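The values are calculated or read from the model by the stated rules, or taken from the named source; none is laboratory data. Only a predicted model underlies this, so the values are computations on that prediction, with no experimental measurement involved. No Cβ is skipped: glycine too gets one built from the backbone with ideal geometry, and neighbour counts run over all protein chains shown. Quick note on the areas: whole protein, heavy atoms, side chains included, nothing else; ligands and nucleic acids left out. Shrake-Rupley method; radii C 1.70, N 1.55, O 1.52, S 1.80 Å.
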Amino acid sequence: KEREEVFQLLFETEFHSSETPSVTYANALELRGVEETPYIRDTYFGAMERREDIDAQIAQNARKWKLSRMAAVTRSILRLAVYEILWGEVPPRAAINEAVELAKRYGGEEDSSFVNGILGSISRAEA
């Protein structure tokens, strides 16, 4: 549930680029009733703080795909999972599995295999 909330925050950020992450976060707490937890807060702000590094990792491992051509849902799932793999306290395999499940639930038909391939490549490179 918490991971899904972070995914939704990252997704919302895609469409509210004029707002700071702090405003997006505060709005989610107030308007959507998101429960504030250390995981949600730390993961969201950590992913936003390291977004350039995360996007560079995604771009490097997404062969023949530009980040700008990916659906916002896919970008958000990947950003969350890459943050968890590289800086989170979640085992990489768990981060990948959860990202694949999010892609199955929220993404298109082929998103789960796309997400799995990119994250697997990033995880192997970090091992």
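Pairs of Cα atoms nearer than 8 Å and 6+ residues apart set the relative contact order; for the chain it is 24 percent.
Per-residue ellipticity at 222 nm, computed for the chain from helices alone with -39500 (n - 2.57) per DSSP H run of at least four residues, works out to -24000 deg cm²/dmol. If R0 equals 30 Å, the separation of the Cβ atoms of residue 124 and residue 30 corresponds to a calculated FRET efficiency of about 0.15. On full extension, the segment bounded by residue 94 and residue 41 gains 17.1 nm, given 0.36 nm per residue less the C-alpha separation. Excluding ligands, DNA and RNA, the accessible surface per residue across the chain is 57 Å² with a 1.4 Å probe. Can you work out D for the range 63-120 in µm² s⁻¹ from Stokes-Einstein, where Rh is the Kirkwood radius over C-alpha pairs, the temperature is 4 °C and the viscosity is 1.567 mPa s? Answer, rounded: 116 µm²/s. Of the residues 114, 15, 45, the one that moves most in a GNM of the chain with alpha-carbon contacts below 10 Å is 15. Of the accessible area of the chain, computed with a 1.4 Å probe over protein heavy atoms only, carbon and sulfur atoms account for 46 percent. Just one of (1) 14.8; (2) 15.4; (3) 14.5 is Kirkwood radius over Cα pairs in Å as worked out from the coordinates here. Which one is it? Of the listed options (1) 14.8; (2) 15.4; (3) 14.5, (3) comes from this structure.
Dipole size of the chain about its Cα centre, with +1 on Lys/Arg Cβ and -1 on Asp/Glu Cβ: approximately 580 debye, rounded to the nearest 20.
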